[in-house]
Amino acid sequence: MQLSVWTYEGPPHVGAMRVATAMEGVHYLLHSPQGDTYADLLFTMIERRSKRPPVTYTTFQARDLGKDTSQLFQTAALDIVERFKPDAMIVGASCTAELIQDDPAGLIENMGLPIPVIPLELPSYQRKEHWGAAETFYQIVRHLADKDRRPSAKENRRPLVNLLGPTALGFRHRDDVVEISSLLGKLGIDINVVAPLGANVADIAKLGEADFNIVLYPETGDLAADYLKREFGQPAVRTVPIGVGATQDFVREVSALAGVDPEPMLQEGLSRLSWWSRSIDSNYLTGKRVFIFGDGTHAVAAARIASEELGFKVVGLGCYNREYAREVRAAAKLYGLEPLITDDHLEVETAIQEAQPELVLGTQMERHIAKRFSIPCTVISSPVHVQDFPARFSPQMGFEGANVIFDSWVHPLVMGLEEHLLTMFRDDFEFNDGAGASHLGPGHSAPAKQPEIVEPANDTEAVWTDEAARELKKIPFFVRGKARRNTEMFAAEQGVSTIELATLYEEKAHYAR
């Protein structure tokens with residue numbers, strides 16, 4: 001294990017929480033010590049859910065370790081049945097409780113509870129959150145899906161599908177489900193079950209009635225889809241509809257399985273992204289350097305959109321969930337890149353610093369990293385924070401999702417262009433730092449400011465003079481960091497301890513050669 005200030009994924013029992021919280025009538029009994037009780041924080045504060053997650057902790061304390069902690073677990077199980085009256089219960093241990101080896105599955109097996117109880121074996125020290133969510137959903141499907149259910153005769157009915165994978169605390173999952181449901185409705189396809197998000201025990205039982213499955217989020221839906229394929233013979237659509245091109249591929253694949261004609265809907269031009277990408281206004285986006293990091297599915301999808309639909313140059317691509325490293329490696333090969341497969345945010349920070357991108361697409365970790373480097377950033381993947389659960393409808397999937405993506409990716413660059421223009425005209429009589437706000441008219445001056453001094457990163461680096469510091473600020477913000485590092489490196493090679501204006505020009509001439 002590696003201790004870190006930030007982690008991209010929690011332990012696997014957090015994934016189990018995401019599945020239980022997403023469902024209706026399912027309660028999660030977690031054998032855990034006092035201090036592991038953070039589910040409320042995750043789901044009510046970050047995701048802004050209106051009710052507490054259905055998670056009960058045994059919360060044993062240090063003084064309990066010399067006693068029978070298994071009795072605490074069994075008492076908690078009885079209390080859940082009496083108080084919450086769930087339709088099903090999942091049980092497991094947190095990473096700390098795993099060490100005392102109480103075996104929740106064995107403890108619950110002979111209690112004779114009046115509801116289905118699903119034991120979870122989630123190895124906390126080998127696996128992580130996404131795997132925990134996938135394993136939990138798979139076990140729920142394996143235990144609760146009615147094996148006698150099959151699709152009805154296709155005559156006089158519309159095709160029927162299951163949507164698999166959306167969970168609580170997922171990045172825009174709720175909005176994605178709404179968008180994809182609408183898109184399928186336009187194709188003449190009905191939805192049998194959406195799971196785990198919003199599903200109950202009765203819904204899981206009827207999964208076998210669908211003609212096929214659509215895996216919206218492979219990280220959490222793949223294992224269940226594989227089981228349904230084996231047990232019910234249901235094929236699965238695994239094309240993730242993020243971006244215009246991928247959504248078109250998705251529509252055609254779904255239509256082929258459903259036996260419907262996709263072309264009338266595809267001809268409607270439901271996304272504005274394609275129009276904006278062809279417009280004159282978008283020309284300045286061409287060739288923008290973008291660094292992408294997130295979960296495997298969103299990272300690969302973002303790279304395709306950036307390269308094929310917006311004309312960006314992908315200069316970095318990686319993921320933190322190693323289960324999807326193969327897909328990311330294949331995508332990185334298309335862009336001539338070495339993929340970054342890591343869950344160490346410090347490695348990602350170093351890679352961003354070396355790549356010198358003009359836009360970062362990542363998680364909330366990369367948002368913080370990019371902010372330190374003054375690089376625009378848009379969040380495209382979990383882990384996310386409260387601002388990534390907007391009140392407005394804001395999907396990532398489907399044609400409307402492509403519109404949202406265009407806006408959220410391009411707007412930081414529009415602001416960057418404006419900042420660049422203000423930097424270019426910094427010495428103009430109207431736009432210089434000493435000029436007042438233009439809307440106030442003549443005679444209004446801004447308060448005098450002291451020139452910003454560029455401090456050395458450490459005591460061994462050169463000191464910048466005021467004149468050199470002011471000249472450095474004239475360099476466009478998105479390459480200013482690189483210019484500073486090159487100048488300080490040049491000064492060190494030349495044995496210069498104070499960087500003057502002449503040093504800056506000499507460095508520029510040196511690297512120009």
Tally time: how many residues in region 219-234 are in a loop (DSSP other than H, G, I, E, B) and open to solvent by 30 Å² or more (accessible area, probe 1.4 Å)? 1
Which residue is modelled with the lowest pLDDT, if the candidates are limited to region 269-326 and must be farther than 19 Å from PRO412 by Cβ and basic (Lys, Arg)? ARG278
Selection from region 385-406 of residues within 16 Å of VAL177 (Cβ to Cβ) and assigned to a helix (DSSP H, G or I) yields GLY398, PHE399, GLU400, GLY401, VAL404
Is at least one residue of region 185-203 buried (at least 23 other Cβ atoms within 10 Å of the Cβ) and assigned to a helix (DSSP H, G or I)? no
Report the residue count in region 256-265 for those that are crowded, with 16+ Cβ neighbours inside 10 Å and either hydroxyl-bearing (Ser, Thr, Tyr) or modelled with pLDDT under 90 (or both). 1
Exactly one condition in (1) in contact with a strand residue (DSSP E or B) (Cβ under 7 Å, 6 or more places away or on another chain); (2) farther than 25 Å from MET17 by Cβ; (3) assigned to a helix (DSSP H, G or I); (4) not charged (D, E, K, R) is not met by ALA105; state its number. (2)
Residues of region 85-98 classified as surrounded by fewer than 18 Cβ atoms within 10 Å (Cβ to Cβ) and modelled with pLDDT under 95, total: 1
Can you tell me how many residues in region 56-76 are at pLDDT 80 or above and not hydrophobic (A, V, I, L, M, F, W, C)? 5
Given the structure, is GLY336 at pLDDT 95 or above and in contact with a Phe, Trp or Tyr (Cβ under 9 Å, 6 or more places away or on another chain)? no
Could you please tell me which pairs satisfy a Cβ distance under 9 Å, a separation of 6+ or placement on different chains, a first residue in region 145-160 that is under 19 Å from ILE214 (Cα atoms), and a second residue that is of a type in the set (Ser, Thr, Tyr) and surrounded by 15 or more Cβ atoms within 10 Å (Cβ to Cβ)? ALA145/TYR227
Those residues of region 124-138 which are crowded, with 20+ Cβ neighbours inside 10 Å and either assigned to a loop (DSSP other than H, G, I, E, B) or out of contact with any Ser or Thr (no Cβ under 8 Å at 6 or more places or on another chain) (or both), in sequence order: SER124, LYS128, GLU129, TRP131, GLY132, GLU135, THR136, TYR138
Subset of region 32-55 (residues that are farther than 30 Å from VAL193 by Cβ and either modelled with pLDDT of 85 or more or surrounded by 22 or more Cβ atoms within 10 Å (Cβ to Cβ) (or both)): SER32
List pairs: first residue in region 364-375 and farther than 16 Å from LYS482 by Cα and in contact (Cβ under 8 Å) with a residue 60 or more places away in the chain, second residue of a type in the set (Phe, Trp, Tyr) and not in a helix (DSSP H, G or I) anywhere in the structure, Cβ distance under 6 angstrom, at least six positions apart or on different chains. MET365/TRP6; GLU366/PHE293
From the list VAL314, VAL300, pick out the single residue that is assigned to a strand (DSSP E or B) and aliphatic (A, V, I, L, M). VAL314
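Any chance you could count how many residues in region 1-24 are at pLDDT 90 or above and open to solvent by 20 Å² or more (accessible area, probe 1.4 Å)?
2
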Considering ASP146, ASP176, which residue is under 30 Å from ARG392 (Cα atoms), touching a helix residue (DSSP H, G or I) at 6+ places or on another chain (Cβ under 9 Å) and either in a loop (DSSP other than H, G, I, E, B) or not aliphatic (A, V, I, L, M) (or both)? ASP176
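The values are calculated or read from the model by the stated rules, or taken from the named source; none is laboratory data. A quick note: this is a predicted structure, and the numbers were derived from the prediction, not measured. All Cβ positions, glycine included, derive from the backbone under ideal geometry; neighbour counts span all protein chains shown. The area values use the complete protein model at the heavy-atom level, side chains included, leaving out ligands, DNA and RNA. Shrake-Rupley method; radii C 1.70, N 1.55, O 1.52, S 1.80 Å.
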